[in-house]
Amino acid sequence: MPKRLAVVVFGSLIAAANVAGAGTVIGKLELPSAPERPPSGTRGFLDRVENPLAPARRLAVTAEMIVVLEGAKPSAPGQVTWELVGDSFARRVVGVPLGAEVVIKNVTRNTARTLVAAEDPKLIPAGPINPTGSKSFRPAAAGQVFTVGDKDAPHLKGVLVVVDSPYVANVDDNGKFEIDNVAEGSYKLRVFYKNAWLDVTTDVTVGKGKTEVNPKVPALPVAPGKK
Amino acid sequence: MFLSKIWLFLVALAAAVALTVALVLPQPASRALAKEEQQRLVVACTVVDVLLGVDARNRVELAGAFARRDEIVSALEQASGLASIDEARMKAVRDVGESVMKTIEGDRKPTFAMLIDRKGRVVARVGIDSKDFGDVVAGRPLVDDALAGYLRDDVWAHNGTMYFVSAAPVIKRDPPVPYVGAIVLGHAVTSDLSKRLVGSLAVDLGFYLGKDAVVGSRTLTVDQAPMLGVISKATGEDLRADCSASPLLPVTNGKENYTAVVARLPGEVQAKQGYYAVFIKRPEAIGFAGMLGKITKGDISAPSLWILAGGGFVLMLGLGIVFMFLESDRPLKRLTADAVRLAKGETEKLAEDAHAGKYGSIARSVNIHIDKVGRDAKNAKKDLDQLLGPAPEGSLGTIDLLATALPAVRPGGAAPAAAPPPSDFRFNDGGGARSAPPRPPTPPPVRATPPSGVATPPPRPTGSLVATTPPPSPSSSLGDALVDDILGGGNSGPTSSNVPEDPYFKEIYEQFVSTKKDCGEPTSGLTFAKFAEKLVRNREDLIAKTGCKEVKFTVYVKDGKAALKATPVKDEA
């Protein structure tokens with residue numbers, strides 16, 4: 001599985017982004033203190049018990065976070081690959097430029113999955129995605145958020161966000177992100193977390209070379225879990 | 001008879017009540033038993049839930065101990081630092097896992113173990129799918145929690161098998177005490193586990209995944225639709241309350257009837273409608289026959305039971321006998337004795353007042369009939385007087401005239417074609433066709449020459465209310481008899497100066513006086529002259545009316561009184 005600390009840049013998938021005079025946007029989100037890990041959606045016969053040796057790890061919020069530079073239309077959206085690595089997606093939240101083809105690839109060796117988008121059951125072609133197999137589709141409208149899951153594996157959830165921009169990036173565990181091949185111009189940086197856009201909008205002017213931006217993220221909503 | 005009837009009514013009522021109780025009483029008992037069984041079922045379900053919790057705690061502790069093993073920590077620490085997991089790494093870690101698994105014995109030994117690195121990748125599997133590795137299981141709540149530092153349990157389903165799983169984080173104890181992975185242990189839910197859970201509860205247990213029966217303490221083929229319906233409608237978040245909140249369901253396994261209660265299973269299988277059901281055999285409706293069938297020797301061996309039953313029986317029987325004796329046997333004996341006295345002539349009527357109830361009514365009926373017979377006799381006398389002329393009335397008492405033979409042609413008319421039957425008189429004679437009982441031996445009539453002394457009155461048939469006229473004389477050539485009773489009492493006969501001093505009449509007179517004395521009758525007004533005069537007049541009347549040549553007189557006792565009868569004799573033998 002690719003290291004989440006690495007910045008995932010979708011610009012490499014977009015041929016149109018390889019333009020002359022393009023710059024790079026780097027930055028680090030100023031994150032609030034990570035919330036404690038809420039009780040998971042399921043429990044066993046007993047409540048979970050924290051181990052006595054080390055404090056429990058906090059919730060890794062950045063794994064479910066993406067940043068988007070809005071202000072440019074995706075001219076050649078290309079293809080976005082979304083890997084299914086077992087009982088979870090490699091990226092729990094993925095941003096897809098409008099018009100890009102989404103390819104869900106099952107990289108496991110022994111588990112077939114039948115994925116369905118809750119908001120649009122016809123979005124993903126019907127049928128299971130066998131091990132090492134894949135299915136592709138193309139979202140039709142920007143701004144849509146799809147929750148993709150397998151009814152046989154309720155814990156398997158991924159969120160697909162369709163954005164009207166070619167510049168989308170994931171965030172590493174430290175909140176850092178990097179977007180390459182950004183055309184010069186003015187953009188608005190937005191942050192998507194879990195299943196909704198955060199109230200974070202930062203103006204970014206991109207020139208040649210690197211442009212750094214460090215937007216501040218307010219307190220994150222934590223979905224109430226079950227105790 | 002009142003007490004006897006009341007007693008019979010009470011006995012019948014008691015029997016009806018006993019029968020009703022016997023038939024009805026098992027029903028509430030059956031309901032109470034069914035209710036107790038249902039309560040026991042709910043308790044058993046709750047106990048199963050508690051035992052599952054205890055089992056989960058043991059499994060979590062086992063996972064914690066497994067994760068604390070140094071070789072496990074070391075193996076996962078090394079794997080976590082790798083970009084990818086190769087087969088060699090997988091085998092090395094799997095060997096470590098297998099060696100640790102071997103140290104776990106008995107029921108605690110897991111069915112499988114998953115060794116997961118810090119990134120959520122499965123480095124190795126032991127027990128099941130042991131060749132698979134590298135896939136990411138992070139994302140499953142149990143694994144996510146374990147990687148975050150929590151110990152917990154869950155219920156998984158895989159390829160139709162249900163697993164109780166537990167997980168623990170793997171932590172390196174050296175500073176800075178980093179998390180290096182997690183381990184997951186799985187115990188298959190088996191029939192043996194089900195039996196252990198309900199071993200002491202005398203119920204059955206089954207685990208289900210939606211429409212599929214997974215495993216149970218016993219193979220029960222039941223309709224799962226009602227149970228699944230309850231599970232589908234269950235919405236409460238507290239699964240522990242399911243046992244008491246779920247309705248009790250009647251289910252059948254072939255010909256066996258069960259009551260079931262269902263409860264949701266927690267964890268991942270909850271999304272697949274995983275649940276367990278506790279079954280208890282429904283008690284059969286007891287009923288009267290069923291209750292009899294359940295009786296054991298111990299139930300009927302209690303001495304007090306038989307003493308009570310025997311005493312009750314003897315008491316009821318004794319009371320019944322006493323009432324029958326008081327109200328039936330004793331009055332009947334009294335009536336019988338009274339009737340015997342009547343038959344013996346010791347009394348003229350039955351003592352009505354001495355008999356109560358129906359017996360008094362019988363006595364009154366008999367007395368009424370006696371009175372009627374008396375009236376009929378008087379009427380008969382009148383008729384005979386019209387035929388023979390007035391009978392001598394006086395102090396002679398009763399005089400019977402018996403004609404042993406009638407002339408073939410009676411003066412003034414033809415003789416009857418056939419001899420009339422002997423006149424009988426019976427009490428309670430139901431029909432004329434009934435034949436008369438055998439006649440008692442008849443004493444021979446007193447003959448004029450030579451006189452045979454006082455004729456012995458014919459013996460009365462004891463115990464029978466039959467008055468029979470004296471039989472005809474054996475010397476009668478006609479064989480027909482006519483019996484007439486003439487009651488004497490008047491003094492209207494001829495004067496004594498006209499009566500000859502006949503020695504035969506004298507002999508008859510003396511017999512008659514003697515008999516009257518024997519019967520305790522007064523003889524003061526009875527003189528030979530009057531007596532002989534009456535005999536003469538009756539002899540003459542009989543000779544004139546029957547054509548006979550001689551008349552014989554016989555003294556006998558009738559109804560305790562001296563009586564005299566005249567017998568016409570056609571030819572003197």
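Just so you know, all these numbers are worked out from the coordinates, no wet-lab data involved. All of these numbers come straight from a predicted model, not from anything done at the bench. We place every Cβ from the backbone using ideal geometry, glycine too, and count neighbours over all the protein chains shown.
Key figures
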| quantity | calculated |
| --- | --- |
| Whole-angstrom gap from segment A:65-136 to segment B:177-200, using each part's C-alpha centre | 35 Å |
| Whether segment A:134-205 is rounded, prolate or oblate, judged on the alpha carbon gyration tensor where a/c under 1.5 counts as rounded | prolate |
| Across B:516/B:549; B:534/B:565; A:157/B:109; B:344/B:517, pairs whose alpha-carbon gap is larger than 21 Å | B:516/B:549; A:157/B:109 |
| Inter-probe distance in nm under a simple model that places probes 7 Å from Cα toward Cβ, at residue B:24 and residue B:358 | 3.4 nm |
| Of all DSSP beta bridges in chain A, antiparallel share, percent nearest 5 | 70 percent |
| Order of B:512, B:531, B:112 - criterion: other Cβ atoms within 10 Å of each residue's Cβ, fewest first | B:112, B:512, B:531 |
| Positive minus negative residues near residue A:164 (Lys, Arg vs Asp, Glu; Cβ under 14 Å) | +2 |
| Mean Cβ count within 10 Å, highest first, over the residues of peptides B:309-321, B:195-207 | B:195-207, B:309-321 |
| Nitroxide proxy distance, nm - points 7 Å out along Cα→Cβ at residue A:47 and residue B:98 | 4.1 nm |
| Residue B:372 versus residue A:184: modelled label distance in nm, points set 7 Å from Cα along the beta carbon direction | 15.5 nm |
| Distance-filtered residues of segment B:215-235 - backbone nitrogen under 18 Å, label point 7 angstrom along residue B:253 Cα→Cβ | B:215-228 |
| Segment A:69-123 shape via C-alpha gyration tensor axes, a/c threshold 1.5 | prolate |
| Inter-part distance where segment B:76-147 and segment B:542-566 are each reduced to a Cα centre, Å | 145 Å |
| Evaluated over segment A:99-178, the Cα radius of gyration and Dmax, each in Å | 13.8, 38 |
| Cα convex hull volume per residue for segment B:107-202 (Å³) | 116 Å³ |
| Projected-area average for chain A over all orientations - Cα convex hull basis, square nanometres | 13.3 nm² |
| Total charge dipole magnitude, segment B:68-188, about the Cα centre, Cβ charges on Lys, Arg, Asp, Glu only, Debye to nearest 20 | 120 debye |
| Size of electric dipole in segment B:296-373: Cβ of Lys, Arg +1 and of Asp, Glu -1, about Cα centre, debye, nearest 20 | 120 debye |
| Length gained when the stretch residue A:120-residue A:138 is fully extended (0.36 nm per residue, less Cα-Cα span) | 5.2 nm |
| Prolate/oblate/rounded label for segment B:296-373 (Cα gyration tensor, a/c 1.5) | prolate |
| Per-selection Kirkwood Rh - segment A:24-158 (Cα, Å, 1 d.p.) | 17.3 Å |
